[in-house]
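J.: Before we start, here is the structure in question, set down as structure tokens.
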Amino acid sequence: MPFNRSIKIAPSILAADFANFGAECRAIEAQGADWVHVDVMDGHFVPNLTFGATMCAALRPHIKGVMDVHLMIAPVDPYLEAYAKAGADIITAHVEAGSHIHRTLQAIRMLGKKAGIAVNPGTAVEAVAELLDMVDLVCVMTVSPGFGGQSFIESQLEKIARLRAMIGDRPVHIEVDGGVTTATAPLVAKAGADVLVAGSAVFKGGSASVPEAYGVNMAAIRAAAEAAIG
Ligand code: DX5
Ligand code: ZN
């Protein structure tokens, strides 16, 4: 995974057909997805439950590229090894998930994985200031995590811009997750994000057997973001 700041589209399979995940992953990659974003929810840290490491392991053979696992779970430390073994390339934990996030990030890197830290809308991005040398990605949540299809929270744009300045020359991606559409993609790209997670805006109008809509949707989001940064 060589580092670059070009715009990457990471469809969230939270908006895919849960009965057809393998085919959905193959379809979005064939249609131009850069990464596949996998949302793990525990019904405790967030008010919704999706699936765990066994599902991630089952998905792995269907994803050729980057498997980006977003853990919305607490506690998180006891489960890191399972997600590493499941074949995640990036493991992202929430800064709000426990009191010892520094240890969590160390553990992810010890497992040989890229480490991500996610920040909820109500958390100041300065909460990750001491962690920037030990992460590969900061995920700014632009909705309160738990559900797809929510509205983008505009106040997070300023946070993304502040984070971009804090990161400086470090090889750290800024990922934005929640409410990304052709309307909001230019705003987050301009503020400094390079990884755009999108669920409903990618999967709308298509299916694994009619995947062309996924390609059209991703191309539109990418074009809108790229146009904003020139
Ligand atoms: C929210 C998840 C997101 C979500 C994005 O808790 O982390 O990845 O699925 O979905 P949309 O793009 O529909 O807001
Ligand atoms: Zn996510």
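J.: Along Cα→Cβ, 7 Å out, is where each label goes; now give me the distance between the ones at Leu111 and Ala127 in nm to one decimal.
T.: The two pseudo-label positions are separated by 2.1 nm.
J.: Let me ask something additional. Specify the inter-centroid distance of the range 42-101 and the range 110-146, based on alpha-carbon positions, in whole Å.
T.: 14
J.: Based on Cα coordinates alone, diagonalise the gyration tensor for the range 35-172, multiply each eigenvalue by 5, take square roots, and list the semi-axes in whole Å, largest first.
T.: Working: eigenvalues 99, 63, 42 Å².
One finds semi-axes of 22, 18, 14 Å for the range 35-172.
J.: Across the chain, how many lysine pairs separated by 8 or more positions, or lying on different chains, have Cα atoms within less than 23 Å?
T.: Summing the qualifying lysine pairs gives 14.
J.: What FRET efficiency would be calculated for the residue pair Arg103, Ser151, taking the C-beta separation as r and a Förster radius of 45 Å, to the nearest 0.05?
T.: Working: r = 34 Å, r/R0 = 0.77.
The value I calculate is 0.85.
J.: If the chain between Ala227 and Lys204 were fully stretched, how many nm would it gain, using 0.36 nm times the residue separation less the Cα-Cα distance?
T.: Numbers: separation 23, 0.36 × 23 = 8.28 nm, distance 2.24 nm.
Contour length minus the Cα-Cα distance gives 6.0 nm.
J.: Looking only at the chain, where both bridge partners belong to it, what percent of the DSSP beta bridges are antiparallel (to the nearest 5)?
T.: Values: 1 of 33 bridges.
Expressed as a percentage, antiparallel bridges in the chain total about 5.
J.: Nearest-5 percent of antiparallel DSSP beta bridges in the range 1-114? Provide the component values of the computation, followed by the final result.
T.: Working: 1 of 13 bridges.
Expressed as a percentage, antiparallel bridges in the range 1-114 total about 10.
J.: Amide H of His173 versus every other amide H placed in the peptide plane: which residues, excluding those fewer than 5 positions away on the same chain, fall under 5 Å?
T.: For His173, whose amide H was placed from the backbone, the distant partners under 5 Å are Leu137, Val138.
J.: Sticking with the crude label model, points 7 Å out along Cα→Cβ, report the distance from Phe3 to Ala219 in nm, one decimal please.
T.: 3.3
J.: Karplus couplings for the range 5-13 from phi (6.51 cos²θ - 1.76 cosθ + 1.60, θ = phi - 60°), rounded to Hz, Gly and Pro as x?
T.: Whole-Hz 3J(HN,Hα) from phi for the range 5-13: 9, 5, 5, 10, 9, 10, x, 8, 6.
J.: Amide H to amide H under 5 Å from Val66: which residues, 5+ apart in sequence or cross-chain, H placed 1.01 Å off N in plane?
T.: It is Val36, by chain and number.
J.: For the chain, what does -39500 (n - 2.57) per DSSP helix run (n ≥ 4), summed and divided by total residues, give at 222 nm, in deg cm²/dmol to the nearest 500? Kindly include the intermediate steps, with their values, before the conclusion.
T.: Numbers: 8 runs with 74 residues, N = 230.
Value at 222 nm, helices only: -9000 deg cm²/dmol.
Read-outs: derived from the displayed coordinates by stated rules, not from any lab. If you're wondering where the values come from, they're calculated on a predicted model, not measured in any experiment. Note that each Cβ is placed from the backbone with ideal geometry, even for glycine, and that neighbours are counted across all protein chains shown.
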